[in-house]
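Here's the structure we're looking at; comments come further down.
Please treat every number below as a calculation from the coordinates, not as lab data. Nothing here was measured: the structure is a model prediction, and the numbers come from that model. Every residue, glycine as well, gets a Cβ built from its backbone with ideal geometry; the counts of neighbours run over all protein chains shown.
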Amino acid sequence: MEMQSKSIGFFDSGVGGISVLKRAIKLLPNENFIYYGDSKNAPYGTKNVNEVRQLSFQVSDFLMEKNIKALVVACNTATSAAIKDLRIRYSNIPVIGIEPALKPAVEIKRRGKVLIMATPVTLAEKKFNNLLKKYNDKADITLLPCPGLVELIEAGVLSGNKLENYLKEKLSVYINSEIAAIVLGCTHYPFIENEISKLTQDVPIIDGSLGTVKQLKRKLVALNLLNLSGQKGSVEILNSSEDKIELSRKLLNM
Ligand code: DGL
């Protein structure tokens, strides 16, 4: 098979990475995609880092067997725990990760706090802390670990009382003061962006998916891997928990 017509592999701890896949399909409509959600092992973000690394290897090995031409780690948690090792392990293909979009949030230059919502693992890892060091003196940055939120989204809870209560509890302290921007540092969270907006009104909400997908495109161009067939590509959705495939499709078409 020609390199260019091979698929691009995406993975996440569950259904969250679909938010990144969605953008990728828009930007790269001629590419073929295979998405693997590891919902059986979700959430990753409250596990120990070594465990997240091992799970990331397991899932990526599975995608490599599908003969992919590029790997997108559509999970902030897996990126922070394993991206370096994944790049060593699969040195023959580009491996693209995602990280909380601090830069665009800080560059908005609104008054108030920049809130970073993400999993405990992402916020504790060295990768994020190096990023934080770069921007800490440029803005008032507050970290907001959100354990339990991925579980709600994995259960298909995208609105309603339970979610509203969770978000109110997390955000109430900040709602009455000024918020400059909110960064969604977990790929599950864009699916509840509207619910966050209901509480924070016109505060800009930013996620890292566009940056990741642009980086994917740059890599494909640079390595002459772009699919130039001119035909609409295919999307295959797989999950370690079969019963999450329907939710994944729903989120993709939302
Ligand atoms: N979508 C994953 C992320 O971006 C969620 C990790 C989890 O399963 O806790 O961090």
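Tell me, what HN-Hα J-couplings in whole Hz come from the Karplus equation 6.51 cos²θ - 1.76 cosθ + 1.60 at θ = phi - 60° for each residue of the stretch 99-113, using x for Gly and Pro?
For the stretch 99-113, the Karplus curve yields 9, x, 7, 5, 4, x, 5, 6, 5, 5, 6, 8, 6, x, 7 Hz.
7 Å from Cα along Cα→Cβ at both residue 254 and residue 62: what's the point-to-point distance in nm?
Between residue 254 and residue 62, the label points sit 2.2 nm apart.
Given N residues in the chain, what is Rg(Cα) / (2.2 N^0.38 Å)?
Taking the Cα Rg and dividing by 2.2 N^0.38 Å, one obtains 0.98.
Place a point 7 Å from Cα of residue 1 in the direction of its Cβ. Which residues in the stretch 18-57 have their backbone N less than 16 Å from it?
Taking a point 7 Å out along Cα→Cβ of residue 1, the residues of the stretch 18-57 whose backbone N falls under 16 Å are 30-36.
Please list the non-local residues whose amide H lies under 5 Å from the amide H of residue 233, H modeled 1.01 Å from N, same-chain partners needing a gap of 5 or more.
Those lying under 5 Å, H to H, from residue 233 are 30, 31.
Residue 222 to residue 172: FRET efficiency via 1/(1 + (r/R0)^6), r the Cβ-Cβ distance, R0 30 Å, to the nearest 0.05? Working shown, then result.
Working: r = 46 Å, r/R0 = 1.53.
For R0 = 30 Å, the calculated efficiency reads 0.05.
Report the local net charge at residue 26: Lys and Arg +1, Asp and Glu -1, summed over other residues whose C-beta lies under 13 Å from its C-beta.
Values: positive: 22, 23, 214, 217, 232; negative: 31.
Residues close to residue 26 contribute a combined charge of +4.
Can you work out the Karplus-derived ³J(HN,Hα) for every residue in the stretch 41-50? Use 6.51 cos²θ - 1.76 cosθ + 1.60 with θ = phi - 60°, whole Hz, and x for glycine or proline.
Those phi angles translate into 9, 6, x, 7, x, 10, 8, 6, 4, 5 Hz.
For a quick protection proxy, order the peptides 12-18, 152-158 by their average other-Cβ count within 10 Å, most packed first. Mind showing how you got there, number by number?
Details: 12-18: 29.7, 152-158: 17.0.
Result, highest mean Cβ count within 10 Å first: 12-18, 152-158.
Compare the peptides 28-41, 45-58 by average per-residue count of other Cβ atoms within 10 angstrom and give them in order, highest first. Don't skip to the answer; put the middle values down first.
Values: 28-41: 20.4, 45-58: 18.1.
Most protected by this proxy first, the peptides run 28-41, 45-58.
Report ³J(HN,Hα) in whole Hz for each residue of the stretch 235-244, in order, from the Karplus equation J = 6.51 cos²θ - 1.76 cosθ + 1.60 where θ = phi - 60°; Gly and Pro get x.
My calculation for the stretch 235-244 gives 10, 10, 10, 10, 8, 5, 10, 3, 6, 9 Hz in order.
Would you list, by chain and number, the lysines whose Cα falls below 22 Å from the Cα of residue 138, excluding same-chain residues fewer than 8 positions away?
Straight-distance partners of residue 138: 103, 109, 113, 126, 127.
Kindly list the residues of the stretch 159-179 that lie in the label zone of residue 142, defined by a backbone N under 19 Å from the point 7 Å along the Cα-to-C-beta vector.
The answer is 164-179.
Show that you can apply the helix-only estimate: for the chain, add -39,500 (n - 2.57) for every DSSP H stretch of four or more residues, divide by all residues, and state [θ] at 222 nm to the nearest 500.
Using -39500 (n - 2.57) per qualifying helix, the result is -13000 deg cm²/dmol.
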